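Nothing in this text is a laboratory measurement; each read-out follows from the coordinates by a stated rule. What you see is a predicted model; the values in this text were computed from it and never measured. All Cβ positions, even for glycine, are placed from backbone atoms using ideal geometry, and neighbour counts span all protein chains on display.
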Amino acid sequence: MTERRRRKRKKIKSSEEIKIGRDFGQHSGSEEVGEGREGGSPERTRRGRKKRLRGQIHILANFSNTIATLTDLKGNVLRWASGGSSGFKNTKKKTPIAARAVVRKLIGEARTMFNITEVQVTVAGAGWGRTYAVWALAKSRVRISRIKCTNSIPYNGCRPRKRRKLRRRTKRKAPATGPFRPLRNNLCKLFLKRGGILKRFLINKQRRRARRRQHS
């Protein structure tokens, strides 16, 4: 065999060994084959497990709706959910059941999409779904590191607006006339002030007597 044929055979063997090494994840020190330390995704560690990330959940509970937003620690919005997006309409969006559904939906997306296991919670508003949203967070598998309330409470701030004064309009009583004049003016003055029940009773009694006299 000539020297040229020997060199060709050596080249073919070396190329086949490199292919086999690539298939089984074996490579030499100079070559980088497959996904190494630099080529791997940033979400995974060296062993292949996903990193446990942290996040923030901002809950806004109004008297008409409950809105929850998921952000990272820098404040960039990742996902959000509200009463309307979770299947409730009109006045049902402000109910406690809607608040629970909103939080459960957001936590499910945080765990599946971003693998968030620890959360900092900020609550704002004074709606019906405020406490129920926090309860739903506490019952979930996500760890709560901090809960913060951002409602502004005034302490000797601006002077409140003065109270509006309205005059009470009283109806003038018509002067009593007819056969019931002495009954109204003299006998039932005290009872008429307290209410008109006794007045009606006495007037009906007088009318019954008058009808009996007419028929007789």
Which of the residues that make up the stretch 62-84 are over 14 Å from GLN120 (Cα atoms) and surrounded by 15 or more Cβ atoms within 10 Å (Cβ to Cβ)? ASN62, ASN65, THR66, ILE67, LEU78, ARG79, TRP80, ALA81, SER82, GLY83, GLY84
Tell me, which residue of the stretch 88-106 that is crowded, with 22+ Cβ neighbours inside 10 Å and β-branched (Val, Ile, Thr) is farthest from ALA133 (Cα to Cα)? VAL102
Scan the stretch 133-142 and give yes if some residue there is free of Cβ contacts under 8 Å to residues at least 24 places away in the same chain and more than 16 Å from the chain's Cα centre (by Cα), otherwise no. no
Working only within the stretch 50-79, note down all residues that are in contact with a Lys or Arg (Cβ under 9 Å, 6 or more places away or on another chain) and assigned to a loop (DSSP other than H, G, I, E, B). LYS51, ASN62, PHE63, SER64, ASN65, ASP72, LEU73
